[in-house]
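Read the structure below first, then the notes.
The numbers here are math on the coordinates, done by the rules we state, and not lab data. What you are looking at is a predicted structure, and each value in this text was computed from that prediction instead of being measured. As a convention, Cβ positions derive from the backbone with ideal geometry for all residues, glycine included, and neighbour counts pool all protein chains shown.
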Amino acid sequence: MGKTKRAVRGAKPRKTRILGQVLSVVKNYLSEHYLALITITLACLSIVISLYGINLEPDIRLVKGAGSETFFSQPMEEESGGCLYYMSVRPRFRNESFKGGYINNATFTPLTLDLEPKFELIELDKSRFGRGDEREVEMKFKLTFPPKSCQKVASREDPFKFALYFYDNTGKLINRNTADENFVFPSEVRFNKPTLQALRSSDYRQR
């Protein structure tokens, strides 16, 4: 029994000496090569940060429930006999990414198909969104109808409907809202009503 205790007591100092030797070797290695290790560490961090910056994209989304407003001018007659309206919308967006971006383009799809409309984007707010930024983005455009449609537009009770599609500065279609739902941004105008029409938040339809 006594021999066993002495053997155990003898093993502990040996383990302590071995551990001390290992730590000493590591310390000496670090003291001799610390500059190389720092250089390698910084290089790895630089690569990670570069890849992070390259791959990360803005994540600009429509704010669900914010609604929008549609403004339009009085009709103007064109030389061709058609009618022209100047219009604007102000949807609200938020950037949910660390990387900044902006709304770079917008396209139109008519949902009322019997009027042969022609859209032309004339102005778009391209102010940059930083991380977490939220604001309205105003877009102005021209809406033109051929002569045969102008009388229908002025007298019809049903609204003229169209969808807007927005694209960020990377060319990506912005097709999700802040609730992470797919959406179509709708707009509708009653040309025989006052010049300001507000879309309800429920008008944001999911696809």
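Taking the alpha-carbon distance from residue 152 and a cut-off under 16 Å, which aspartates and glutamates remain once sequence neighbours fewer than 8 residues away in the same chain are dropped?
77, 114, 116, 188
Cross-link list 64/99; 148/172; 64/172; 99/140; 126/148; 64/126: which exceed 31 angstrom alpha carbon to alpha carbon?
On the way: 64/99 21 Å; 148/172 37 Å; 64/172 19 Å; 99/140 26 Å; 126/148 36 Å; 64/126 21 Å.
With Cα atoms farther than 31 Å apart: 148/172; 126/148.
Taking the simple approach of a point 7 Å from Cα along Cα-to-Cβ for both residue 86 and residue 134, what is their distance in nm?
Inter-label distance under the simple model: 3.2 nm.
Using a Debye calculation, one point per C-alpha and no hydration shell, please list log10 I(q)/I(0) for segment 105-170 at q = 0.13, 0.15, 0.16, 0.28 Å⁻¹ in order.
-0.48, -0.60, -0.66, -1.32
Using the Kirkwood formula over every pair of different C-alpha atoms, what hydrodynamic radius in Å results for segment 60-203? Walk me through the intermediate numbers first.
On the way: mean 1/r = 0.0628 Å⁻¹.
Across segment 60-203, the inverse of the average 1/r is 15.9 Å.
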